[in-house]
Amino acid sequence: MFTTTDSPCVAVCSTLYDDICRGCGRTAMEVAEWVFLSPDEKQVIWTRIRAEGYPRRKG
């Protein structure tokens, strides 16, 4: 199970026609800046992506 300090990456990187990764639900900017974000900033992203049904594993 993921914790909010972990990266939501599930190694299914795809952004087809928009800026949202189909695997983790983060924007390309959020992915690029993840290691620099504060725990509070990461929590906000985790809350949003979980509400949207992410992270998703292909299968």
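The values are calculated or read from the model by the stated rules, or taken from the named source; none is laboratory data. All values derive from a computational prediction rather than experimental measurement. Methodologically, a virtual Cβ is constructed for each residue, glycine included, from the backbone with ideal geometry; neighbour enumeration extends over all protein chains shown. Keep in mind that these areas ignore ligands, DNA and RNA; they rest on the heavy atoms of the full protein, side chains included. Shrake-Rupley method; radii C 1.70, N 1.55, O 1.52, S 1.80 Å.
In the stretch 19-34, what count of residues is obtained for those that are within 12 Å of Asp6 (Cβ to Cβ) and either part of a helix (DSSP H, G or I) or basic (Lys, Arg) (or both)?
Total meeting the criteria: 1.
Select from the stretch 5-19 the residues that are under 12 Å from Pro55 (Cβ atoms) and either open to solvent by less than 70 Å² (accessible area, probe 1.4 Å) or modelled with pLDDT under 65 (or both) and list them in ascending order.
Listed by number, the residues that qualify are Asp6, Ser7, Pro8, Cys9, Val10, Val12.
Would you point out the residue of the stretch 35-55, among those that are assigned to a loop (DSSP other than H, G, I, E, B) and in contact with a helix residue (DSSP H, G or I) (Cβ under 8 Å, 6 or more places away or on another chain), that is surrounded by the fewest Cβ atoms within 10 Å (Cβ to Cβ)?
Leu37
Exactly one condition in (1) at pLDDT below 90; (2) in contact with an Asp or Glu (Cβ under 6 Å, 6 or more places away or on another chain) is false for Gly25; which is it?
(1)
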